[in-house]
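Since the structure comes first, as C-alpha cells, the remarks are kept for the end.
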Amino acid sequence: MKSFSYHQPKDIREASNLLGDNWQDALLNAGGTDLLGLIKHDIEKPDHLVNLKAVKDLDKVRYQEGKGLSIGALVKLNDLAAMDIVQNKYTVLAEALQETASPQLRNMGTIGGNLCQRPRCWYFRGDFDCLRKGGELCFAADGENKYHCISGGGPCFIVHPSDPAVALLALDASVTIAGKDREYTVPLHDFFVLPEDDVMRENILQPHEIVTRIHVPDLPSNTRSGYIKFKERDVWDFAVVSVAAVLRMGSERIEGGTMAFGGVAPKPWMEKTINDALNRMEVTDTNLDSLAQIAFTDALPLAQNGYKIPLVRNLIKRVIRTLNA
Amino acid sequence: MAKNKKNSRSMSRRDFMKGFGSGVVGGSIMLQTLHAAPPPTTGTFKDESNRVELTLKVNGKLVQTKITPHTTLIELIRDKLALTGTKVVCNHGECGACTVLLDGRAVYSCHMLALDAHGKEVITVEGLMQGEELHPLQEAFIEKDGMQCGFCTPGQIMAAQGLLNEHPHPNREQILKGMSGNICRCSAYPKIADSVVAAAKK
Ligand SMILES: Cc1cc2nc3c(=O)[nH]c(=O)nc-3n(C[C@H](O)[C@H](O)[C@H](O)COP(=O)(O)OP(=O)(O)OC[C@H]3O[C@@H](n4cnc5c(N)ncnc54)[C@H](O)[C@@H]3O)c2cc1C
Ligand code: SF4
Ligand code: FES
Ligand code: FES
C-alpha cells in the first residue's frame, strides 16, 4: 500500500484545514474499510490521512422526543444497529444496517464513512481509467452492466452502494457538514449528486468538508418501516435492488409514506409519483399492482439490467404487504 | 491427539520464529505486561523516517513500537510481532481469514490501519489459549471437526469468539449471521456452525 502521513487533529476546524482543497492530497479516515480498499487498488493516492477519532462527540448518538435522532458520523454501524431506539422506532434503519456488509465490517465501519463510500462499479474499482476517474469513457455503458443503474444514469451509470443511505433517505434524514469556514445542514436528498452534475463525485462535499452528524426526524407513533434488500448471495453482498419504506398506517388504509430505493440509481433514489400514490392508499392487490405499474416508468435500463424493473416493482409490493401484515 | 497436534504445531512455529525471525521481528518492539494502554493522542505523527509511535495491547501484553502509518494491523501482528496464527487470504476485507478481536469485537485485521488500534486491546488466536490449555472454542472445533484444510479456522474461531462475546448463548440464526463474514473455501460450514453451538454449551 502507498505510504502517507497520519494526522489526528483535536477538532473539526483543524481537521478541515489539514484536509485542504485537493482530493489528491489528503483524505479522511474513519473506519478505513472503504478507504483502504481504494488505496490498495491505487484509486485514491493520498499523501496524508486525517483521522477524526480525537474529535469529541462524533461517536455519540442522541435521541430527543419530538426532535428525533442525532447520530455522530463516527458511530459504528453495529453500535447504531444495536440501539433499542433504532430497532424499535427506526426499524428501517436497523434492518438496513443489519444487511450492510459483514459483522466484522459493521464493527469497523462508521455511518459517516458509509454515506461517503465510493461506488462499486467494477471498472471504477479495476484498472480502467473511466469518466469517474477523470478518463474519457464510461466502460459500463456498452460493457458489463448487469449491476448498473436503470434511473438517473449518464454519462456514468453507477449505483450508489450504501444500504443505510436508502433507509435514511426514506426517513427524511439530513446531514450536517463542517468545512473550513462554515457549518451547514442539508437534506440527504440534496447531499448526493447525479453524474450529470458531477461525474467524479457522489456527493456535494468539498475536499475540506466533513460530515459531522446525521439527523433523523422523530416519527409519528403509527409509523411502520422496513427494508428489503435483494442480493445474489445469502451472506454479505451489495444490493442488486433494495427498497426502504416508511409508512404511516391508519386503520383502513395507509395515511401516507415514503419509499426509497437502492441499487437502481447513482444516488439513493426516490420517485414522487410513488410517494404521492401512497397517500391514503388502501392495501389491496389491485392497488398494489397499480402502484407497481407507475413505478420506474421513466427508467432507461442498459443492455444487461432490464431485470431490475420487475424486481423493484415486486419488492415495492412485498415491502408494503409485509408492513401491512 | 488434540493436545499433541497443538503442541507440535505451536512449538515448531515458535522455534522457527526464534531461529529465523529476527529479520522481521523489529528490534524496537517492547513486550511487557501492563494493565492499561494510553488514550489516543492528537497531533501529526511523523518523524524523519515517517515512523510513528504506536501503543496497544496484544494478547494481554503491552506493545510499544514505531511503525509507518500505512502498516495494517495484520502486518503488525504477523510481520512485526511474529504472531502467525492469524492468516491473510484476500487482504481486502472480504473473507474473514484475518479476523482478530479489537476490544472484544471481531474485526478484519487486513483492512484496518494498525494505528487505528492505538490504545486498544487486540486478541489473536494465540491469545485464546490459557498457557498450554486449549480454549473451549478450539476444543469444540476439534471435537466437531469444524475444519477441512484449516486455513480459515483461526479466523472462524475469532469470529465465533466475537459472536459469543455479544451473544453468549446464540441461536442458530445468530450463529449463521454472526459467522457470515467468514468464508470457508472447503465449505465446512455445517460443522463450523456445530462447533460454535458446542462451544457455547461449554
Ligand atoms: C467486502 C465489503 C462489503 C460491503 N458491503 C456493503 C453493503 O452490503 N452495504 C453497504 O452499505 N456497504 C457495504 N460496504 C461498505 C462499507 O459499509 C463501508 O466501507 C463502510 O461503511 C465505510 O465506513 P468507514 O468508516 O470504514 O469509512 P472509510 O473507509 O474510513 O471512509 C470511506 C470514505 O468516506 C470518507 N469519509 C469517511 N468519513 C467521513 C466523514 N465523516 N465526512 C466526509 N467523508 C468521510 C473517506 O475519506 C473515504 O473516502 C462493504 C464494504 C466491503 C469492504
Ligand atoms: S459506470 Fe461510472 S464508474 Fe463505472 S465505468 Fe462508467 S464512468 Fe466509470
Ligand atoms: S484476509 Fe482479511 S478479510 Fe480476507
Ligand atoms: S477449512 Fe479449508 S478454507 Fe475453511
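The values are calculated or read from the model by the stated rules, or taken from the named source; none is laboratory data. Not measured: the values here are computed from a predicted model. A quick note on method: Cβ atoms are made from the backbone with ideal geometry, for glycine too, and the neighbour counts reach across all protein chains shown.
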For this session: Might you check whether a residue that is within 27 Å of residue A:101 (Cβ to Cβ) and loosely packed, with under 13 Cβ neighbours inside 10 Å occurs anywhere in segment A:233-242?
Result: yes
Exercise. Name the strands (runs of 3 or more DSSP E) wholly within segment A:33-94 that hold at least 1 residues that are crowded, with 20+ Cβ neighbours inside 10 Å and either in contact with a Phe, Trp or Tyr (Cβ under 8 Å, 6 or more places away or on another chain) or touching a residue at least 40 places away in the same chain (Cβ under 8 Å) (or both)?
Worked result: A:48-51, A:68-72
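Could you run through segment B:73-112 and say how many residues are touching a Pro at 6+ places or on another chain (Cβ under 7 Å) and within 16 Å of ligand 1 (Cβ to nearest atom)?
Summing the residues that are touching a Pro at 6+ places or on another chain (Cβ under 7 Å) and within 16 Å of ligand 1 (Cβ to nearest atom) in segment B:73-112 gives 1.
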Exercise. Taking segment B:80-100 as the search range and keeping residues that are within 10 Å of chain A (Cβ to nearest Cβ) and touching a residue at least 60 places away in the same chain (Cβ under 8 Å), which one is nearest to ligand 2 (Cβ to nearest atom)?
Worked result: B:94
Problem set entry | Flag for residue A:212 being of a type in the set (Ser, Thr, Tyr) and within 13 Å of residue A:320 (Cβ to Cβ) | no
Exercise. Only one residue in A:91, A:33 is away from every other protein chain (no Cβ under 11 Å), hydroxyl-bearing (Ser, Thr, Tyr) and within 30 Å of residue A:243 (Cβ to Cβ). Which one?
Worked result: A:91
For this session: For segment B:60-79, enumerate the residues that are away from chain A (no Cβ under 14 Å) and surrounded by fewer than 20 Cβ atoms within 10 Å (Cβ to Cβ).
Result: B:60, B:61, B:62, B:64
Problem set entry | Residue selected from segment B:102-113 under the condition crowded, with 24+ Cβ neighbours inside 10 Å and not hydrophobic (A, V, I, L, M, F, W, C), by the criterion farthest from ligand 2 (Cβ to nearest atom) | B:109
Exercise. Residues B:140, B:160: which one is within 16 Å of ligand 4 (Cβ to nearest atom), modelled with pLDDT of 95 or more, part of a helix (DSSP H, G or I) and more than 25 Å from residue A:77 (Cα to Cα)?
Worked result: B:140
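Here is a yes/no grid of residues against (1) polar (S, T, N, Q); (2) not in a loop (DSSP other than H, G, I, E, B):
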position: A:213; (1), (2): no, yes
position: A:220; (1), (2): no, no
position: A:227; (1), (2): no, yes
position: A:248; (1), (2): no, yes
position: A:297; (1), (2): yes, no
position: A:310; (1), (2): no, yes
position: A:321; (1), (2): no, yes
Exercise. Looking only at helices (runs of 4 or more DSSP H) that fall completely inside segment A:116-198, which ones have 1 or more residues that are more than 15 Å from ligand 1 (Cβ to nearest atom)?
Worked result: A:122-125, A:188-191
Exercise. What is the number of the single condition among (1) more than 27 Å from residue A:33 (Cα to Cα); (2) surrounded by fewer than 24 Cβ atoms within 10 Å (Cβ to Cβ); (3) touching a Ser or Thr at 6+ places or on another chain (Cβ under 9 Å) that residue B:184 does not meet?
Worked result: (1)
For this session: State the number of residues belonging to segment B:86-101 that are surrounded by 22 or more Cβ atoms within 10 Å (Cβ to Cβ) and either under 13 Å from the mean Cα position of the chain (by Cα) or modelled with pLDDT under 95 (or both).
Result: 7
For this session: Filter segment A:36-54 for residues that are at the interface with chain B (Cβ under 9 Å from one of its Cβ atoms) and either near ligand 1 (Cβ under 10 Å from one of its atoms) or in contact with an Asp or Glu (Cβ under 7 Å, 6 or more places away or on another chain) (or both) and give the result.
Result: A:36, A:37, A:39, A:48, A:49, A:51
For this session: With respect to residue A:315, determine if the residue is farther than 17 Å from residue A:168 by Cα, surrounded by 21 or more Cβ atoms within 10 Å (Cβ to Cβ) and not basic (Lys, Arg).
Result: yes
Exercise. Filtering segment A:1-30 down to residues that are in contact with a Lys or Arg (Cβ under 7 Å, 6 or more places away or on another chain) and modelled with pLDDT of 95 or more, which residue is farthest from the other protein chains (Cβ to nearest Cβ)?
Worked result: A:16
Exercise. Out of all the residues in segment A:172-183, is one or more closer than 18 Å to residue A:115 by Cα and of a type in the set (Ser, Thr, Tyr)?
Worked result: yes
Exercise. Residues in segment A:97-119: is at least one within 9 Å of chain B (Cβ to nearest Cβ) and surrounded by fewer than 18 Cβ atoms within 10 Å (Cβ to Cβ)?
Worked result: no
For this session: Go through the residues of segment B:183-191 one by one and say whether even a single one is in contact with a strand residue (DSSP E or B) (Cβ under 9 Å, 6 or more places away or on another chain) and either away from ligand 4 (no atom under 13 Å from the Cβ) or not aliphatic (A, V, I, L, M) (or both).
Result: no
Exercise. Here are some conditions: (1) of a type outside the set (Phe, Trp, Tyr); (2) surrounded by fewer than 21 Cβ atoms within 10 Å (Cβ to Cβ); (3) within 14 Å of another protein chain (Cβ to nearest Cβ). Residue A:143 meets all but one. Which one does it not meet?
Worked result: (3)
For this session: Taking the residues in segment B:151-189 that are under 15 Å from the mean Cα position of the chain (by Cα) and more than 14 Å from chain A (Cβ to nearest Cβ) as candidates, determine which candidate is nearest to ligand 1 (Cβ to nearest atom).
Result: B:151
Exercise. If you check every pair at least six apart or on different chains, which have Cβ atoms under 6 Å apart with a residue in segment A:234-263 that is within 14 Å of chain B (Cβ to nearest Cβ) first and a residue that is surrounded by 17 or more Cβ atoms within 10 Å (Cβ to Cβ) second?
Worked result: A:235/B:180; A:236/A:101; A:236/A:102; A:238/A:161
Seminar exercise, completed: Checked B:107, B:196, B:125 against criteria (within 16 Å of ligand 4 (Cβ to nearest atom) and under 26 Å from residue B:67 (Cβ atoms)); the one match is B:125
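Determine if segment B:101-110 includes at least one residue that is among the aliphatic types (A, V, I, L, M) and more than 12 Å from chain A (Cβ to nearest Cβ).
No: segment B:101-110 contains no residue that is among the aliphatic types (A, V, I, L, M) and more than 12 Å from chain A (Cβ to nearest Cβ).
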